[in-house]
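Following: one structure in structure tokens, then a few remarks.
The values are calculated or read from the model by the stated rules, or taken from the named source; none is laboratory data. Quick caveat, the model's predicted, so the values are computed rather than measured. Ideal geometry is used to build each Cβ from the backbone, glycine not excepted, and the neighbour counts take in all protein chains shown. Just so you know, the surface numbers come from the protein's heavy atoms only, side chains and all, with ligands and any DNA or RNA stripped out. Shrake-Rupley method; radii C 1.70, N 1.55, O 1.52, S 1.80 Å.
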Amino acid sequence: MSFDKIIDRRGTHSSKWDKMQDLFGVSPEDGLAMWTADSDYQTAPCVIEAAREAVEHGVFGYSWAYPEYLESIQWWMKTRHNWEIDTDWILTSQGLGNAIALSLDVWSNPGDHIVIFSPVYHEFALKIGKTGRQVRECPLARDGDTYELDLEDAQSRLDGSETMLIWCSPQNPSGRVWTVDELRAVADFAARNDLMLVTDEIHHDLVYPGHTFVPMDVAAPEHRDRTISLTAASKTFNIAGQRTGNMIIPDAKRRAAMKQKLAALDYSPSALGLRIIHAAYSAPGAAWVDEQVAYLEGNRQCFDNQINAIPGIRSLPLQSTYLAWVDFSGTGMSHEEIAARIRDDAKIAVSQGPTFGTGGELFQRFNLATQRARVQDAADRLTEAFSDLQ
Ligand SMILES: Cc1ncc(COP(=O)(O)O)c(C=O)c1O
């Protein structure tokens, strides 16, 4: 299977591999890069073919979000997520980090509080801070191997200065796939508190059997006037470096406000990004994603089976995403000691749990979107690094 083919990304200006020494103190010579969320295997053949055609054509001029491109997004949402959208609703951003920053800019003001449910993708809090807003952190409730919403607790933390909620569905880092009832409760919570609802659904395609992702707009269409849905092909097809994402905004007034911001900033999409997303959102692309999910399912089983045999360490069972969320609290060690063992003994660069906010203090996040042999290698290294616990 092509997912097993080892690909050396070192020396290709891959952030994940070529920055691991500077950012994490782990050498790419003998270390493993398991931090930022991109994959080590090649994308779908239909995507590579589209990129090859573009390269052979050899002209890289301007483009625009052309009708067939928008229709391919519409087709994907309908066939993969049972979500009917108008092509008019789709605006193009330079990735979803960018879409979050743009949303903060358009629908909140400096000094506002922005609600997030932690532990959550660390960039939410960073973007809120960098745009001069403040984080209103509402912790999720840990329930054994999973997380639940505690909206009563969340409500008690609000003081009326909040203007936006940034929601993650499926959830990074826990992999939680939210139910329709939970999504409806979140949308109602946003409406009750008059919050703009930004729902980041970037991981929606990588969901494991037994769980079904439901878009917020499908679960709570009555709150469309305050909802902006962010989606992308970037995680699904390992094309994050092409910096192209979707902002799906059904409400005409809201959409006009974002369009004005994009025009003011002179946004125009990457021609190659459009071309390969158009190729990805297709029947061959869908078949490849199904194969990928089956492969990732094997990776997480391989990782979890071995990691969970180490006393005090628990990799939570993932419902979605390729990001293993591992609880080290049972080791009795401090974050510093856990991090040092992973860095210096196992030589693995991982995303540090505390950066995900409250609840992440004694966790680490491991990216499993790599070859099975590397996942096995990582599990062996961790077993050795924590062998004194056996
Ligand atoms: C939940 C979530 N949102 C946004 C992003 C960043 O997306 P982009 O690369 O399109 O900026 C990531 C990347 O890991 C993510 O996990």
Worksheet item: What whole-number value in Å² describes the accessible area per residue of the chain for a 1.4 Å probe?
Response: 40 Å²
Worksheet item: Debye sum, Cα scatterers, region 189-250, no solvent: what log₁₀ I/I(0) at q = 0.26 1/Å?
Response: -1.08
Discussion item. What FRET efficiency comes out for LEU23 versus THR212 if R0 is 41 angstrom and r is the Cβ-Cβ distance? Round to the nearest 0.05.
Written reply: 0.70
Worksheet item: Once amide H atoms are placed 1.01 Å from N in the peptide plane, what residues at a sequence separation of 5 or more from MET164, or on another chain, have their amide H within under 5 Å of its amide H?
Response: VAL115, MET196
Discussion item. At 1.4 Å probe size, put ASP145, ASP205 in order of accessible surface, largest to smallest.
Written reply: ASP145, ASP205
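With all protein chains present, how much of the accessible area of the chain (probe radius 1.4 Å) comes from carbon and sulfur, to the nearest whole percent? Numbers along the way, then the final one.
Numbers: 7810 of 15770 Å².
Within the chain, the accessible surface is 50 percent carbon and sulfur.
Which order do the peptides 294-304, 18-28 take when ranked by the mean count of other beta-carbon atoms within 10 Å per residue, highest first? Provide the component values of the computation, followed by the final result.
On the way: 294-304: 17.9, 18-28: 16.2.
Ranking the peptides 294-304, 18-28 by packing returns 294-304, 18-28.
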Response to the item:
Expressed in nanometres to one decimal, the distance between label points 7 Å along Cα→Cβ at ASP145 and THR358 is 2.7 nm
Discussion item. Skipping prolines and chain starts, which residues have an amide H placed within reach, meaning under 5 Å, of the one on SER315, given they are 5 or more residues away or on another chain?
Written reply: ASN308, ASP327
Discussion item. Between region 100-129 and region 319-390, what is the separation of their alpha carbon centroids in Å?
Written reply: 27 Å
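State whether region 7-151 is rounded, prolate or oblate according to the following rule on the C-alpha gyration tensor (a ≥ b ≥ c being the square roots of its eigenvalues): a/c under 1.5 gives rounded; otherwise a/b larger than b/c gives prolate, and the remaining case gives oblate. Before the final figure, lay out each step's value.
Details: a/c = 1.69, a/b = 1.15, b/c = 1.48.
The shape class here is oblate.
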Item to complete: Give me the accessible area of LYS259, 1.4 Å probe, in Å² rounded to the nearest 10.
Response: 110 Å²
Worksheet item: Extent of the chain along each principal axis, from alpha carbon coordinates, in Å, largest to smallest?
Response: 60, 58, 38
Practice prompt. Starting from the Cα of ALA256, step 7 Å along the direction of its Cβ; do the same at GLN376; then give the gap between the two resulting points in nm.
Written response: 6.0 nm
Worksheet item: At what distance in nm do the modelled label points of ASP8 and LYS78 sit from each other, each positioned 7 Å from its Cα along Cα→Cβ?
Response: 4.7 nm
Item to complete: Give the calculated FRET efficiency between ASN109 and THR36 to the nearest 0.05, with a Förster radius of 22 Å applied to their Cβ-Cβ distance.
Response: 0.10
Discussion item. Could you tell me how far the Cα centroid of region 1-46 sits from the Cα centroid of region 61-92, in Å?
Written reply: 30 Å
Response to the item:
Sorted on mean Cβ neighbours within 10 Å (highest first), peptides 190-197, 348-355, 321-328 come out as 321-328, 348-355, 190-197
Worksheet, complete the sentence: Rounded to the nearest 500, the 222 nm mean residue ellipticity computed for the chain from DSSP H runs (n ≥ 4, each -39500 (n - 2.57)) alone is -11500 deg cm²/dmol
Fill in: Relative counts (whole %) of C-alpha pair distances in region 31-77, using bins that are 5 Å wide
5, 14, 12, 21, 19, 16, 8, 4, 1
Practice prompt. Convert each backbone phi in region 327-340 into a coupling constant with the Karplus relation 6.51 cos²θ - 1.76 cosθ + 1.60 (shift: θ = phi - 60°), then list the ³J(HN,Hα) values in order as whole Hz, x for Gly and Pro.
Written response: 8, 9, 4, x, 7, x, 8, 7, 4, 4, 5, 4, 4, 5
Worksheet, complete the sentence: For LYS127, the lysines lying under 25 Å Cα to Cα, once residues fewer than eight places off in the same chain are dropped, come out as LYS16, LYS19, LYS235, LYS253, LYS259, LYS261
Item to complete: State the extension gain, in nm to one decimal, for the chain segment bounded by ALA264 and GLN155, taking 0.36 nm per residue of separation less the distance between their alpha-carbons.
Response: 35.6 nm
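List every DSSP H helix in the chain whose Cα atoms extend 24 Å or more along the helix's own long axis and whose mean Kyte-Doolittle hydropathy is at least -1.0.
Values: long enough: 283-307 (36 Å, -0.46).
TM-like helix candidates: 283-307.
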Worksheet, complete the sentence: Sparse-neighbourhood loop hits (GluC sites (Glu not before Pro), region 54-143; DSSP loop; Cβ within 10 Å at most 15 others) -> GLU84
